[in-house]
Amino acid sequence: MNKRVLITGASKGFGYEFVKLFAKDGYDMVLVARSEDMLREIKNEYKDLDIKIIAKDLTEKDAANDFYKRVKEMGISVDILVNNAGFGKMGSFEDIDLSVHSNMIDLNIKALTELTYLFLKDMKKKNFGKILNVSSLAGMIPGPLMAVYYASKAYVLSFSEALSEELADTNITVTALCPGAAKTNFGKVADVEDKKMFSNAMNAERVAKVGYKALMKNKRIVVPVATNKIASFLVKILPRKWSAKIAKSVAQEA
Ligand SMILES: NC(=O)c1ccc[n+]([C@@H]2O[C@H](COP(=O)([O-])OP(=O)(O)OC[C@H]3O[C@@H](n4cnc5c(N)ncnc54)[C@H](OP(=O)(O)O)[C@@H]3O)[C@@H](O)[C@H]2O)c1
C-alpha cells in the first residue's frame, strides 16, 4: 500500500508543486482547497494514484473537525501532513477589514493547529508521521504593514519548533519551511505582487523542492535560497526594532 500525504492549499502555488513531488514518489493523497474544479483537474492528472479531494474553506467554523471526520469516513490513514494553505494582506493594521485579519488567523494559525492536533493523534498510534508546516521568512521578524501575516507565520515557526522538540523521542518529525517571496497567487491575494519586494521572487517549484527534501531528511527548519539564508541569519543578530524598521521600508517600496 502506498503511503498517503494530506496537502492543504493544494490547488495552486506551493501546494500544487508539492502534489507533483509527492506524485513522482508514488504517494496517495488527500487534497484540500476551496476550488473544487482545480482539485478535480489535479486528480485527473494522476489516474494511477489514489487521490481524494475535499473542497473546503478552512476558515469556516469547525472546519478542521469536519474535514478530519470526512477523512476518517473515507477509511484512510494519513502518513504525512502538509499544512500549506495560507494568505497575507498588505496594508496598515487598521485599514484592513477585521474580517480579513480574522480569516487569516483562522487559516494560517487555527486550521493549521487543529489539523496538526487531529492527525498527530493518529500518527502517534502508528508511531510514524511527518508534518510540514509552511511558515515564511516573514515569521522571523515583525512585519509592519503586514502585521498579522508576519505574526501568524511567527506562530507557525515557533509552534513547529516546539512540537518538533516535544516529539523528539518519537518517529514523528515536524519541519518548518520558511520561504521568502515566491511567484504564486500569494502576491495577488496579498496585494504585493507589484511591490519591489516581489521583483526577485523565487519560483514555486524550487521552494517546494527544498521543502520536500528537508521534510524527507527530518530537518526542523529550512530556508530556501542563499540570499534568504543570509537574511534569516541577519535577523538573529539585528535588534528587533531595526528589523521592524527595515521590514517597513521594504514594504513601502513601490
Ligand atoms: N508566495 C510567497 O511569496 C510565500 C512566501 C512565504 C510563505 N508563503 C506561504 O506559502 C503558503 C502557500 O501559499 P502560496 O504562495 O502557494 O499561495 P497561493 O498560490 O495563493 O496558494 C494558496 C493555497 O491555499 C488555498 N487556500 C486559500 N485560502 C483557503 C481557505 N480559506 N481554505 C482552504 N484553502 C485555502 C488556495 O486554494 P483555493 O483558493 O482554491 O482555496 C491555494 O491552494 C501560504 O501559507 C503562504 O503564506 C508564501
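Computed from the coordinates by the stated procedures, all read-outs in this text should not be read as laboratory data. Quick caveat: nothing in here was measured; it's all calculated off a predicted structure. Here Cβ is always computed from backbone atoms with ideal geometry, including for glycine, and neighbour counts include all displayed protein chains.
On a full-extension model of 0.36 nm per residue, what is the gain between residue 124 and residue 162, subtracting their alpha-carbon distance, rounded to one decimal in nm?
12.0 nm
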For this session: Please label the shape of segment 96-146 as rounded, prolate or oblate, based on the square roots a ≥ b ≥ c of the eigenvalues of the alpha-carbon gyration tensor (a/c under 1.5 means rounded; beyond that, a/b larger than b/c means prolate, else oblate).
Result: oblate
Exercise. Working out 0.36 nm times the residue gap between residue 98 and residue 37, then minus their Cα-Cα distance, what length gain in nm do you get to one decimal?
Worked result: 19.0 nm
Exercise. If packing is taken as the mean number of other Cβ atoms within 10 Å per residue, what is the order of 155-162, 225-232, highest first?
Worked result: 155-162, 225-232
Seminar exercise, completed: To the nearest 10 degrees, the tilt of helix 36-45 (Cα long axis) against the first principal axis of the alpha carbons of the chain is 60 degrees
Problem set entry | residue 173 long-range amide H proximity, modeled H, under 5 Å | 129, 130, 131
Exercise. Listed highest first by mean packing, meaning other Cβ atoms within 10 Å per residue, what order do 7-19, 97-109 come in?
Worked result: 7-19, 97-109
For this session: Would you tally the net charge around residue 184, using a Cβ to Cβ cut-off of less than 11 Å, leaving residue 184 out, and scoring K and R as +1, D and E as -1?
Result: 0
Problem set entry | residue 200 paired with residue 234, simple spin-label distance in nm, labels 7 Å along Cα-to-beta-carbon | 0.9 nm
Problem set entry | Computed over the chain: relative contact order in percent, which uses C-alpha pairs under 8 Å that are six or more apart | 19 percent
Exercise. Taking N as the number of residues in segment 39-136, what is its Cα Rg relative to 2.2 N^0.38 Å?
Worked result: 1.24
Exercise. If the viscosity is 1.306 mPa s and the temperature 10 °C, what translational diffusion coefficient in µm²/s does Stokes-Einstein give for segment 4-252 when Rh comes from Kirkwood over Cα pairs?
Worked result: 87 µm²/s
For this session: First select every other residue whose beta carbon is under 11 angstrom from the beta carbon of residue 16; then total the charges, Lys and Arg +1, Asp and Glu -1.
Result: -2
Seminar exercise, completed: For the chain, the longest principal axis of the Cα atoms and the Cα long axis of helix 240-252 enclose an angle in degrees, to the nearest 10, of 90 degrees
Exercise. So which of 52/248; 47/89; 124/213; 61/89 end up more than 31 Å apart by C-alpha?
Worked result: 52/248; 47/89
Exercise. In terms of Cα to Cα distance under 19 Å, which aspartates and glutamates are near enough to residue 229, apart from those fewer than 8 places away along the same chain?
Worked result: 161, 205
For this session: Take the Cα pairs of segment 1-69, get the Kirkwood Rh, then feed it into Stokes-Einstein at 4 °C and 1.567 mPa s and tell me D in µm²/s.
Result: 107 µm²/s
